[in-house]
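K.L.:
Sharing a structure here in structure tokens format.
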Amino acid sequence: MTAPPILKIDHVGHAYGTFQVINDISLEVPAGELTALIGPNGAGKTTFYNLVSGRFPPTRGRIWFAGREITGMPAHRLVPRGLLRSFQITNIFPDLTVTENVLVPLLLHHRRGFSFLRPLRSERELYRLAAETLEQVGLGRYAHRTASELAYGDKRLLEIAIVLSREPKLVLLDEPTAGMNREETARMIRLIKELADRFGTTFFLTEHDMNVVFSVAARIFVLHQGGLLAAGTPAEIQADVRVREAYLGGTFGD
Ligand SMILES: Nc1ncnc2c1ncn2[C@@H]1O[C@H](COP(=O)(O)OP(=O)(O)O)[C@@H](O)[C@H]1O
Ligand SMILES: [Mg+2]
């Protein structure tokens, strides 16, 4: 028997007023697979992530996460269940140290009131977890720096550490490499791939660099004008004529 998908989208649509932005999308994201959502600017990628992460409910259709229906469930109820969206840089506390930035969500995660399932953890243990998480994203050596001193790319890595500290099952990353140079992009994507392989966390990301997408994603969904144009492996997507046509010029950097 195959494992149930971590995310199941069933005929989801969304309109801003009368403007239909997401148009009858159905798809499944298998657990543990690094999955990418691609599509030209304005295709509806960010809107789609907003629907899944509980920013606002879809105007039609249903959404399941880890086998349970979550349609319309707000973000604050999805986070403890393990569905997270990458935080924006503005959510980093600039005046706290790098370690403290990870400790805050760790405290929230492990010391929440009425958490019968999770035993309270000692302060020392939380510090150790914070240090471990920072090591995992390669920020160990900056642990005692003030967050505002970090380079842009390192701030994005800190964001990932903050997300990881909540022990997510599914992480939605909307353009995790936006504004990064080539080297930072490569480092970020390598890290995401490594974390996905090591922890079995499912990452569902958008990325505009097609070479990056084709080299790391196990599965790709192509969004075009709010509809699902194609789904498949990198090889299948690369060979898809409709996908090539949707991207003006019809090439993927080849
Ligand atoms: N809050 C909003 N109200 C009205 N239209 C919006 C809103 N947010 C996005 N849109 C429109 O929805 C379409 C899809 O946008 P978006 O989801 O941001 O696409 P992408 O992330 O793929 O670039 C665009 O035409 C955009 O202008
Ligand atoms: Mg977007």
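The values are calculated or read from the model by the stated rules, or taken from the named source; none is laboratory data. These figures come from a predicted structure and were not determined experimentally. Here the Cβ positions follow ideal geometry from the backbone for every residue, glycine too, while neighbour counts run over all protein chains shown.
K.L.:
Which condition does residue 144 not pass, out of (1) within 16 Å of ligand 2 (Cβ to nearest atom); (2) more than 15 Å from the chain's Cα centre (by Cα), if it passes all the others?
P.N.:
Failed condition: (1).
K.L.:
List every residue pair whose Cβ atoms sit under 6 Å apart, with the two residues 6 or more apart in sequence or on different chains, where the first one lies in the range 30-43 and is within 16 Å of residue 213 (Cα to Cα) and the second, anywhere, is in a loop (DSSP other than H, G, I, E, B) and more than 16 Å from ligand 2 (Cβ to nearest atom).
P.N.:
33/218; 34/217; 34/218; 36/217
K.L.:
Restricting attention to the range 18-28, does a residue exist that is away from ligand 1 (no atom under 16 Å from the Cβ) and either loosely packed, with under 15 Cβ neighbours inside 10 Å or of a type in the set (S, T, N, Q) (or both)?
P.N.:
Within the range 18-28, the first condition is being away from ligand 1 (no atom under 16 Å from the Cβ), and the residues that meet it are 26, 28.
With the extra rule that they be either loosely packed, with under 15 Cβ neighbours inside 10 Å or of a type in the set (S, T, N, Q) (or both), the set shrinks to 26.
Yes, the range 18-28 has at least one match.
K.L.:
What strands (runs of 3 or more DSSP E) completely inside the range 19-90 contain at least 3 residues that are modelled with pLDDT of 95 or more? Working first, answer last.
P.N.:
On the way: elements: 19-29, 35-38, 60-65, 83-85.
Correct list: 19-29, 35-38, 60-65.
K.L.:
Let me confirm something: among 236, 245, which residue is in a helix (DSSP H, G or I), at pLDDT below 95 and farther than 25 Å from residue 179 by Cα? Quick ask: steps written out before the conclusion?
P.N.:
On the way: 236 fails: at pLDDT below 95.
Matching residue, one of 236, 245: 245.
K.L.:
Right, another one. Any idea which residue in the range 197-217 is surrounded by the fewest Cβ atoms within 10 Å (Cβ to Cβ), counting only those that are closer than 23 Å to residue 51 by Cα and of a type outside the set (Val, Ile, Thr)? Before you say what the answer is, go through the steps one by one.
P.N.:
The first filter runs over the range 197-217 and keeps only residues closer than 23 Å to residue 51 by Cα, leaving 201-208, 213, 217.
If we keep only those that are of a type outside the set (Val, Ile, Thr) as well, we get 203-205, 207-208, 217.
Details: 203: 25, 204: 25, 205: 27, 207: 23, 208: 15, 217: 24.
Ranking the candidates gives 208 first.
Matching residues to (1) out of contact with any helix residue (DSSP H, G or I) (no Cβ under 9 Å at 6 or more places or on another chain); (2) under 22 Å from residue 78 (Cβ atoms); (3) of a type in the set (Val, Ile, Thr):
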site	(1), (2), (3)
150	no, no, no
166	no, yes, no
172	no, yes, no
185	no, no, yes
193	no, no, no
210	no, no, no
220	no, no, yes
223	no, yes, no
247	no, no, no
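K.L.:
Count, please, the residues in the range 1-15 that happen to be within 16 Å of ligand 1 (Cβ to nearest atom) and either at pLDDT below 95 or out of contact with any helix residue (DSSP H, G or I) (no Cβ under 9 Å at 6 or more places or on another chain) (or both). Give the steps one after another, and end with the answer.
P.N.:
So the first thing to find is which residues in the range 1-15 are within 16 Å of ligand 1 (Cβ to nearest atom), and the list is 9, 12-15.
Next, only the ones that are either at pLDDT below 95 or out of contact with any helix residue (DSSP H, G or I) (no Cβ under 9 Å at 6 or more places or on another chain) (or both) stay: 13, 15.
Matching residues across the range 1-15 total 2.
K.L.:
Looking only at the range 168-188, which residues are more than 12 Å from the chain's Cα centre (by Cα), crowded, with 17+ Cβ neighbours inside 10 Å and in a loop (DSSP other than H, G, I, E, B)?
P.N.:
180
K.L.:
Which numbered condition in (1) more than 16 Å from ligand 1 (Cβ to nearest atom); (2) buried (at least 21 other Cβ atoms within 10 Å of the Cβ); (3) farther than 14 Å from residue 172 by Cα is the only one that residue 39 fails?
P.N.:
Condition (1) is where residue 39 drops out.
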